[in-house]
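The values are calculated or read from the model by the stated rules, or taken from the named source; none is laboratory data. If you're wondering where the values come from, they're calculated on a predicted model, not measured in any experiment. So basically every Cβ, Gly included, is an ideal-geometry build from the backbone, and we count neighbours across all protein chains shown.
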There are 2 protein chains.
Amino acid sequence: MLIVQKYGGSSVANTDRIKHVASRVAQCRARGDRVVVVVSAMSGVTDNLIKLAREIMPLPNEREMDMLLATGEQTTIALTAIALHSLGIPAVSLTGAQAGIVTDGVHTKARIQNITPRKIHELLNQGQVVIVAGFQGQTREGQVTTLGRGGSDLTAIALAAAIKADLCQICTDVDGVYTADPRLVPDAKKLEEISYDEMLELASLGAKVMQSRSVEFAKKFGVVFEVRSSLNDHPGTIVKEETKNMEAVVVRGVSLDKNQAKVTLVGVPDKPGVAARIFKAIGDAGVNVDMIVQNISHGSGAPATDLSFTVDKPDLPRAQKTLDALKPDIGFGRILATEKIGKLSIVGVGMKSHTGVAGRMFDTLAREGVNIDMISTSEIKISVVVDLGKAEQAMRAVHAAFLG
Amino acid sequence: MLIVQKYGGSSVANTDRIKHVASRVAQCRARGDRVVVVVSAMSGVTDNLIKLAREIMPLPNEREMDMLLATGEQTTIALTAIALHSLGIPAVSLTGAQAGIVTDGVHTKARIQNITPRKIHELLNQGQVVIVAGFQGQTREGQVTTLGRGGSDLTAIALAAAIKADLCQICTDVDGVYTADPRLVPDAKKLEEISYDEMLELASLGAKVMQSRSVEFAKKFGVVFEVRSSLNDHPGTIVKEETKNMEAVVVRGVSLDKNQAKVTLVGVPDKPGVAARIFKAIGDAGVNVDMIVQNISHGSGAPATDLSFTVDKPDLPRAQKTLDALKPDIGFGRILATEKIGKLSIVGVGMKSHTGVAGRMFDTLAREGVNIDMISTSEIKISVVVDLGKAEQAMRAVHAAFLG
């Protein structure tokens, strides 16, 4: 088999961990597999480099940040190759550029445009384990670029697509994808499989296993991958296109996002174009809006509505500033804001073919005495905003109702 | 003027020092100069990377060591570019590969084969300061290479030749080249100028300012360079082809090498081919031999001589082991070895046209009561081996006689 294995920063945090990674790769070799290993920077290294740059200048140039940060993964690939040599296994490290990873020129968040895996194939054919630096690439003009957050996962999945690997393993510090965060829900179970769309919903809902863009890339190119532990040999979770079989399960997972804040604008004039102006201004301020709910207002006087939406907590001050400036112009009433909310979501492709899922969720919450603030649904997801103080209790109850 | 400036590891040891380097480059810009800056890894970084590699494997693969060590300079170029940006000066960093430095494939001690400075010229023409990673290059096949000890000096001098710079400044932690090590000879004076050949002799005699290979490269390509401080603005020492003028000075400098050991083989059979066999065996053991002296032996019996030579101190155990193995075969008597020697040298192109220099040196030593163990001369150098305990006193006396 041709396998791409990715190891993140905590899996290569020191030379002992790197030796452990090498011994795992050695096991694959002993089974006759050919292996491409993608590694991140040793944990802490990237943060330290960012700290050094900011000591010099608060907002360093992005081209130079890429030049700087790319050294982190370059260090790991060399050490990983040496660790394989110490086990008597032939191995060669390649930077992103050497591996043929060509990106656009958007420094610090470049997109992979093309991969020319000629060198990788050549080395694999020589019997080498190939160690590729994650998170980085090179423009056609030879500029060093980095792929942004979750970039090493993306490198692994893109390489797996380019070399037509039989298997792509994302080795991390968890055993796989769970029905819920086990720290919050002790009953949470590891999933054997999950569809790309479910994984995407969970990623965007605050489950921290993987960044959405890597999953999107895998979906686009049909790369089946496994999320598994770098510490043990338990089977992980397979992420793949949904199958008919998967729809038998109504809810795949439950997630809780505690990183959102809610804003309510009271008495927004009920006229065409008002909402557009509000959200354009907020978008222009770089604030990401998630859920939006508009309630009809039954006050006296001119027709008006209450408008609620959620934003990422760190963006709240910026959102408020923007709204304060907009208030006299548009003429809404008070601006209410709270950070004391949790967004609880259930996700499952089975919802498409099952009815009554929302009702069952709301009923469960009602029985727990949890009030629902906002509701938002998609074809495979139902999200509700609840009081932060009751969010974890609500999560456990919903998990028990659907997955217990 | 077009200037190449090189800053070593201690000059870029932390972000404050890097900011200081940037402010020096800014001064050049303010004078209207165009500047290419060559930097080393921050001091300690390279040693730390070597330590990490050796934690994994005592003798790591050299290709991977190059991949690993090249990150040190890459880190510094990015931080230096950012430091220039913080002063409002446009600057772009380039790895050795990006700067067009092509080397052979001898990892960890590659030789520069060719420099294509197209990118550097392009950036200079845009008004950028160009920051180039010292110590590194790339083979024609795209392998990362490093140039070995003193590699950043070599990068600076080779770049100065390739871009036809008006000036090449090697900025370091000393003010220039001195007539002797000021820590040993308080009277030592900074030289205004020195010839390549004198600099080469001093380098090979243990003066630690620069590695021989960089000076050889400068001599070969006629690159005039200046050794100067990175901390102050004092003029440094100009290193260049010798001029008629320089010959007026008989002795340019005095050096003392305390890192040699002396071996004497007593009663070596005085037959053709014996010395050749001895030095071939020692050379095969990787031991570098410096001075060799053979004395006629006046004993009775078969004709025999005493053979003395010096080796680098760390090589002494290997030399002894080799000689022990050779002893029964060749049939010499005792092997005497001592580390308690110092090699004192005077260097000057003026010796070519002045007589009596050796006599004056020996006379000075005799008056100090310093016994001479071995003597070796070249056209521009006289070296003597003396007892280590008297070596520094001897050095000061010789310095006073010729340069006081």
Check: If residue A:51 satisfies every condition in (1) at the interface with another protein chain (Cβ under 10 Å from one of its Cβ atoms); (2) crowded, with 22+ Cβ neighbours inside 10 Å but one, which is the exception?
Finding: (2)
Item checked: Residue in region A:116-125 that is touching a strand residue (DSSP E or B) at 6+ places or on another chain (Cβ under 9 Å), more than 9 Å from every other protein chain (Cβ to nearest Cβ), closer than 28 Å to residue A:50 by Cα and among the hydroxyl-bearing types (Ser, Thr, Tyr) present -> no
Next item on the list: Within region A:151-163, identify whether any single residue is of a type outside the set (S, T, N, Q), modelled with pLDDT of 95 or more and outside any helix (DSSP H, G or I), and answer yes or no.
Entry: yes
Notebook entry, point to check: Which of the residues spanning region A:164-179 are modelled with pLDDT of 95 or more and either over 25 Å from residue A:24 (Cβ atoms) or crowded, with 19+ Cβ neighbours inside 10 Å (or both)?
Noted result: A:165, A:168, A:169, A:170, A:171
Check: Which residues, counting only those in region B:139-156, are surrounded by fewer than 22 Cβ atoms within 10 Å (Cβ to Cβ), of a type outside the set (Val, Ile, Thr) and more than 14 Å from the chain's Cα centre (by Cα)?
Finding: B:140, B:141, B:142, B:143
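Taking residue A:136, is it within 14 Å of chain B (Cβ to nearest Cβ) and not acidic (Asp, Glu)?
Yes.
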Item checked: Matching option when the condition is free of Cβ contacts under 8 Å to residues at least 40 places away in the same chain and of a type in the set (Val, Ile, Thr), among A:139, A:172, A:179 -> A:139
Check: How many residues does region B:86-115 hold that are closer than 21 Å to residue A:66 by Cβ and more than 13 Å from chain A (Cβ to nearest Cβ)?
Finding: 1
Notebook entry, point to check: When you scan region A:180-210, how many residues do you find that are closer than 22 Å to residue A:9 by Cβ and crowded, with 19+ Cβ neighbours inside 10 Å?
Noted result: 7
Item checked: Hits in region A:250-273 - residues which are surrounded by fewer than 18 Cβ atoms within 10 Å (Cβ to Cβ) and either within 23 Å of the chain's Cα centre (by Cα) or free of Cβ contacts under 8 Å to residues at least 60 places away in the same chain (or both) -> A:258, A:259, A:270, A:271, A:272, A:273
Next item on the list: For residue B:64, state whether it is touching a strand residue (DSSP E or B) at 6+ places or on another chain (Cβ under 9 Å), at the interface with chain A (Cβ under 7 Å from one of its Cβ atoms) and modelled with pLDDT of 95 or more.
Entry: yes
Margin query: Given the condition under 30 Å from residue B:189 (Cβ atoms) and either among the polar types (S, T, N, Q) or at pLDDT below 90 (or both), answer yes or no: does some residue in region B:260-282 qualify?
Written below: yes
Next item on the list: Select from region A:67-83 the residues that are more than 7 Å from every other protein chain (Cβ to nearest Cβ) and closer than 22 Å to residue A:23 by Cβ and list them in ascending order.
Entry: A:73, A:76, A:80
Notebook entry, point to check: Could you list, in sequence order, the residues of region A:283-336 that are modelled with pLDDT of 90 or more and hydroxyl-bearing (Ser, Thr, Tyr)?
Noted result: A:308, A:310, A:322
Checklist line | Pairs with Cβ under 8 Å, 6+ apart, first in region B:208-223 and in contact (Cβ under 8 Å) with a residue 12 or more places away in the chain, second of a type in the set (S, T, N, Q) | finding: B:209/B:172; B:212/B:204
Notebook entry, point to check: Which of the residues belonging to region B:1-48 are in contact with an Asp or Glu (Cβ under 7 Å, 6 or more places away or on another chain), surrounded by fewer than 19 Cβ atoms within 10 Å (Cβ to Cβ) and of a type in the set (S, T, N, Q)?
Noted result: B:10
Next item on the list: Could you grab me the full set of residues in region A:175-188 that are of a type in the set (A, V, I, L, M) and either in contact with a Lys or Arg (Cβ under 9 Å, 6 or more places away or on another chain) or not in a loop (DSSP other than H, G, I, E, B) (or both)?
Entry: A:177, A:180, A:184, A:185
Checklist line | Sole residue being under 15 Å from the mean Cα position of the chain (by Cα), among the basic types (Lys, Arg) and closer than 16 Å to residue A:157 by Cβ, chosen from A:213, A:228 | finding: A:213
Next item on the list: Return the residue satisfying two criteria in turn: it lies in region B:274-303 and is over 24 Å from the mean Cα position of the chain (by Cα) and in contact (Cβ under 8 Å) with a residue 40 or more places away in the chain, and of such residues it is surrounded by the most Cβ atoms within 10 Å (Cβ to Cβ).
Entry: B:278
Check: Quick one: in region A:117-137, which of the residues that are outside any helix (DSSP H, G or I) and more than 23 Å from the chain's Cα centre (by Cα) is nearest to residue A:78 (Cα to Cα)?
Finding: A:131
Note to self: Condition first: assigned to a strand (DSSP E or B), at pLDDT 90 or above and surrounded by 14 or more Cβ atoms within 10 Å (Cβ to Cβ). Can you find one or more residues in region A:352-362 that meet it?
What the structure shows: no
Margin query: Please pick out the residue among B:260, B:211 that is closer than 18 Å to residue B:382 by Cα and touching a helix residue (DSSP H, G or I) at 6+ places or on another chain (Cβ under 7 Å).
Written below: B:260
